[in-house]
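Shown next, in structure tokens, is the structure this report addresses.
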Amino acid sequence: MNRSIPGFRPTAEVRNHGWKVSIPADWRIGVVAAMALLAGCAHSGQIPDKTSNQTAIPSLEQIIDLSDHDRFAEANSGLETLLEPATLNSLAPDQQYTALSYGAYVARRLKHLDRAQDLYRRTTALPQADSDDWRGRFLCAIQKHDGLDAAESLATLARRWPEAARGLEDEQIYAGLAEVQRTGNRDARYDLLLALFQLPFIPRDWSQASELWRDLALMQLERNDPGAARESISNLSDPYVLISVQADNRFAAIRAGLGDRLDVNAAALRLLQSWRAASDANPNKLEPLVILDDILIETHHYDEALQRTDAAIARASVGSGEPPFVDYARWSAWLLDDRSRILRDTGPLGRGCCPAPRGQPTCEGGRPGRCQPDHQPCHPL
């Protein structure tokens, strides 16, 4: 976390305001004696200072530096002083915001969740609040298992800062949805699902997104909004969820108006084509390829999945410079996992192969099926 501090003045300018000494006329000491007294105090280090009996006010710059270097306990010690009402109110508005924002962030990192949530709520109430503050409030709500606050903060993030919401991990969004579900508050869940639908939220696990939009459509039907329900259903991409819609009589009133949107085979083909296009259009990214691999595996297009996966692995293995994929660090493990799933599914114990008829030739190692060159697995006859 790193912020600039608008209007912030270095601490050296504000730390000492000086000490003005006046000598009333009715004091019965001479000017020379007074000067001698002050000189003696100065020599002994005892000149009065109006901050000498108070805790030194920490520097915002120091606190930011400490937190940016993960020295959260030290940063928190300074923030406790800085966030005292009298001290906080003496700061300029932008400095107050920065102090509250860092206070919330540091408290969350130290797992002081009650304090963190209070500071996040105060921070997000300010006009300077940004996506980092709402994201932190959302993550804090998950850690506290506060479903209602998670719903409000995630919905706000999705509507005001969609790119920041898209940057969340799928697991974080699903954790927030689970917390909201536990509250039993259907209004909060509906508002959050609607915000995610409008984002739109496209998780790596595309089947779970279809389940969310099906649930959203049911809630829209409960609110007598069949038009919105049809729109939600029209975005289903998982063939299995489409089958559930066909079998659920609660959707009977809108099924007739959906036409081929409920065609399971057509939906599977649309899904496959869309992610093929996304992967081909982003040759420097692994994420769309990994999602495409998932779909190819689910639809048993093993040859294409293996060909695309091995081509990407070969590209990443060439040379010693920067990898050809901008998201290699995040998605390379998933790519290797997809390859292992392909080999598993097409191996002797996978669903891709069946026992060869008696007398039918087998691959090397006794696996039935059509032999493939090099590392390619056996495929069903």
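The values are calculated or read from the model by the stated rules, or taken from the named source; none is laboratory data. What you are looking at is a predicted structure, and each value in this text was computed from that prediction instead of being measured. Reconstructed Cβ throughout: ideal geometry from the backbone, glycine too, with neighbour counts over all protein chains shown.
Annotations for the structure displayed:
- Against the test of being outside any helix (DSSP H, G or I) and hydrophobic (A, V, I, L, M, F, W, C), the options Leu216, Leu168 yield a single qualifying residue, Leu168.
- The set of residues from the stretch 238-275 being surrounded by fewer than 18 Cβ atoms within 10 Å (Cβ to Cβ) and of a type in the set (Val, Ile, Thr) comprises Ile243, Val264.
- Evaluation of Arg204 against the conditions (1) in a helix (DSSP H, G or I); (2) of a type in the set (D, E, K, R); (3) modelled with pLDDT under 95 shows that the sole unmet condition is (1).
- Qualifying positions in the stretch 240-281 - charged (D, E, K, R), under 30 Å from Phe325 (Cα atoms) and at pLDDT below 90: Arg270
- Criterion violated by Ser234 - all others in (1) at pLDDT below 95; (2) under 30 Å from Arg330 (Cβ atoms); (3) polar (S, T, N, Q); (4) more than 20 Å from the chain's Cα centre (by Cα) satisfied: (2)
- A count restricted to the stretch 312-335 and to residues that are out of contact with any Asp or Glu (no Cβ under 9 Å at 6 or more places or on another chain) and farther than 16 Å from Ala278 by Cβ stands at 15.
- In the stretch 207-223, the residues that are more than 10 Å from Tyr190 (Cβ to Cβ) form no Cβ pair under 6 Å with any partner that is among the basic types (Lys, Arg), whether six or more places apart or across chains.
- Pairs, first assigned to a helix (DSSP H, G or I) in the stretch 333-344, second surrounded by 13 or more Cβ atoms within 10 Å (Cβ to Cβ) and among the β-branched types (Val, Ile, Thr), C-beta under 6 Å, six or more apart: Trp334/Val290; Leu335/Val290; Asp338/Thr309; Arg339/Thr309; Arg341/Ile297
- The listed residues are Ala195, Ala129, Ala125, Ala116, and the only one of them that is closer than 28 Å to Tyr97 by Cβ and touching a residue at least 40 places away in the same chain (Cβ under 8 Å) turns out to be Ala195.
- Any hit, the stretch 75-95, residues being under 25 Å from Leu154 (Cβ atoms) and assigned to a helix (DSSP H, G or I): no
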